[in-house]
Amino acid sequence: MPSNDLRFLTGLRNGGDIAAAENLEFIDLISTPVKSDFYIDAPAMKVDKLVLEAENNILRKLLSYSDPQTTTTTSTAASGRASATAPSLPIAVDPFPPIPDNLRDLLSNVTVKDEFKKFTRDDLKSVKSFRLEERLRQDSLSAIIGKVSSRFRKSSIDNNLRYLLSNVAIYTYCLNQARFKDKVKDAEGLFSRVLTYAKETQSLINESMAESFFKKNKFDSKDIDLATFKTMAADATIPFTSGQPEAFLENILTKLNKYGALPALVDAYILKGEVDPSNITPDIKSKMVDHLYKMGVKVTAADVNSANYDEYLALAYAQAKKLTGGFNDPLKNVYSDVSVDTFDYKVDYFETIEEQAIERAHIMGAAVLFYTKVLSDDMGLLRVADAIIMAWSKGKLDIPHGETATKLYRYYKLRKDRMTAEERNMFYKIVFNTGSAEVLENSVVNTDFSRLWNSLMQETVKYIQKYEEVSNAEEFVSKVGIYNSIKNLQYNLSVFMTGMIKSLLPEMYAQLQSAIEIIRQPEVVSQLGQGYQRNMWKVVERVCAEVFNTVPNVSALKTIAIKGHSIFSAIAAFDESQFTDEAFRKLITDVEEFIVANGQIDGKPLGEDDEDPEEDADDESTEKNDNWDF
C-alpha cells in the first residue's frame, strides 16, 4: 500500500486505489515524434475515385499557385507598356501576392505546372517550398495554428471536411483565406473560418464529381442540363466513401429528370420580387415545383428567366399557400370560395421533421464517449497512468530529463483539474444507462438505450442466420429490421447526447490521450513491458497485475472500443437511400466482432450488473445469449 506521505497522489482521481509498483527497471529510448503545425489526421474510410480525381485537380493547381518562383499572370513590358496580345506566362512575382476571393477564381487562373501534373496528396511530403505555408509561418502563426490543428484532430467534424483538411495544401489555403482575407488571428475565429472555406472546397469537388459522372456516362446535354446538375450537386452533401458518390449523383439525376428546370424556374421567380421572399419556405417551394409538374409545365435552363411562365408560377404560389395555410380544412372552407372537395386522402409522414431531429454530431459524440468509456475505465488506462506516476514519484521508474519526464510532470500537475471517475461514470449512466453511478437530481437517464442497442444486436444476428441459410440472400433476406433499429438509435442518441457532456467530451478524450501518451512512451514500455513483444498493451497487463491484482482482457476490450466506435459512426452516417452494400457489410462485420469480443468479458455483456439469480434462471432461455447491452 502507498505510504501516507504519498496519499496526495490519489488526487489523480481516475478511480481505484493506487498500490506500490515494485521492482521496476528502465532504460532510456527515443521519444515519439511531434506532429507538425499543419497536421490533421484523415478519417478511416476508403475514398471514392471520383473524389480523389477532383481533389488531385485542386491539389495540383494549389501547388502550382504556391510555387515560390512563378505564377500565371499577364506580363508587363519593362518599359511600362502593357502587352495586349501577350499570353499568360510564368514570371517572377512578389512571394506573397493577394489570393483571389474564392477558390473557384484561384483555380480558374492557374495552369498546372509540369512537375505537379501527377501529384497526389501522398507526394506532398516531397514539396519543400510551399508558399502558402511559408506565408503563415512568417506571420508568426505557428503556435496558434498548432492549437487550431489540435482542435480539429479532437473534434467530431463531418468526415468529408476532415478528409479535405487532412490535405495540407487545402488546409493551408483555408488558413490563408481566414488569416489574410478575413483578418482573423485568434484560434477560435480561425477554426470557424477554416470550416467555411473547407465547405467551399467541398462544393467545388461535388461539382467536379458531377461533371466527371456526367461525361463518364455519356449523358446528352440536350436531355440533362449539366449546369443545373452541377449546381444541385454543389449544394448537396455527397458522402466521399467509396461507391457512395455515384449512388448519390444518380439520385440527383432522378430528381432532375423528373422536374427538369422547374426548381430553377421557381427560384428565379422568387428573385424577381413578385412575391414576398419572407413568405417563401422550403415547403412552399416544393409544393410550387410539384404543382407546376402536375400542370405539365416544361422548361429548359434557357427559359428559366423568361417572363412567359409568370402566370403559371403565380397560380403555383397561390396553390402552395392554400395547401400550407390550412385552407383545405373543411370547416374553414365553409367561409371560403375554395372548393371543399380537394382532400386527397394523404397524411403527413413527418419525413422532414424526422430528418431534422437526427443530430449526427450528437451520435458521433456518443461514439467518442463509448470509446473513451471502454479504454479509460473498463480497461483502466487512466488508473494505469496513475500507477506509473506513483512509481515515478517513488523513484521506481527511472525517467531521464526530456519529453517523457515533461509529460509525466504535466500529467501529475493537472490532476486536480481533471474529471473524476465519479463524474465520468455519471455521464456514462445518463447517456448509456450503464453502471450504478449517482446522477444529479432531476437528471434524465437514457433508460431506452439498452433495449434499442439490444435490438440492433439481435436483428443483426437474425440477419446473419438467415443469410447463411438462404441462397441468393442478397435479394431475399430483408434488412428492414436492422435499418429500423439504426433509426431508433439515431433518434434516441440525438436526444440524450446533449447538455454539458458535449463540452466536456473533448476534455475526456484529451485526458485519455494524455494517459496513452504516458503508457506508450519508449522509456515506459522498455521498463514495464513484459515478454519479447513489448508494447503499451503489455504495460497495461503488467501494471494491472502487479498493482491492481487483476488483468483486463486487453484484446477483447480494444476490439469492443474500436468496433463499438465504428458501429456508432455507421449509425451517425446512416441514410437508407445512400447506405451502400459495402457500408452494410462492414456494419454487419463490426457488430459480429463486437458481440464475440463482448462475450469474452467475464462471460457477460460489458458493464452488465449482476442480477437476481432467480430472475436469471427464469429468463435464461430467452436472454442468456441475446443480450448485448453495455
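We did not get these values from a lab; they are worked out from the coordinates using the rules stated. Quantities reported herein were computed from a predicted structural model and do not represent experimental measurements. Here the Cβ positions follow ideal geometry from the backbone for every residue, glycine too, while neighbour counts run over all protein chains shown.
Observations, loosely collected:
- Shape analysis of the stretch 436-505 places it in the prolate category; the axes a ≥ b ≥ c from the Cα gyration tensor give an a/c of at least 1.5, with a/b above b/c.
- Between the C-alpha center of the stretch 254-276 and that of the stretch 515-560 there is a gap of 62 Å.
- Using the Cβ of residue 273 as centre and a radius below 14 Å, the other residues enclosed give a net charge of -3, where K and R count +1 and D and E count -1.
- Environment charge of residue 196, counting only residues whose C-beta is closer than 12 Å and scoring Lys/Arg +1, Asp/Glu -1: +1
- Working note: Karplus 6.51/-1.76/1.60 with θ = phi - 60° gives the stretch 100-106 the couplings x, 4, 9, 5, 4, 5, 4 Hz, where Gly and Pro are set to x.
- Of the Cα atoms belonging to the stretch 356-623, the radius of gyration and Dmax stand at 20.6, 66 Å.
- Applied to the stretch 520-525, the Karplus parametrisation 6.51 cos²θ - 1.76 cosθ + 1.60 on θ = phi - 60° returns per-residue 3J(HN,Hα) values of 8, 4, x, 5, 6, 4 Hz, with x for Gly and Pro.
- Distances between placed amide hydrogens fall under 5 Å for residue 47 paired with 242, all partners being 5 or more residues away or on another chain.
- Packing rank of 564-573, 287-296, where each peptide gets the mean count of other beta carbons within 10 Å, highest leading: 564-573, 287-296
- Exceedance of the 19 Å cut-off in Cα-Cα distance is limited, within the set 394/538; 373/563; 258/487, to 394/538; 258/487.
- A DSSP coil position with no more than 13 other Cβ atoms inside 10 Å describes the following GluC sites (Glu not before Pro) in the stretch 438-526: 438, 441.
- Between residue 545 and residue 442, residue separation times 0.36 nm minus the direct Cα-Cα distance comes to 33.1 nm.
- Backbone HN-Hα couplings from phi across the stretch 434-443 [Karplus 6.51/-1.76/1.60, Hz, Gly and Pro as x]: 10, x, 10, 5, 7, 10, 5, 4, 6, 5
- Charge sum, other residues only, whose C-beta stays under 9 Å from residue 60's C-beta, Lys/Arg counted +1 and Asp/Glu -1: +4
- For residue 359, the residues whose modelled amide H falls within less than 5 Å of its own, excluding neighbours fewer than 5 places apart on the same chain, are 494.
- Summary of packing: across the peptides 445-458, 358-371, the per-residue average of other C-beta atoms within 10 Å ranks them, highest first, as 358-371, 445-458.
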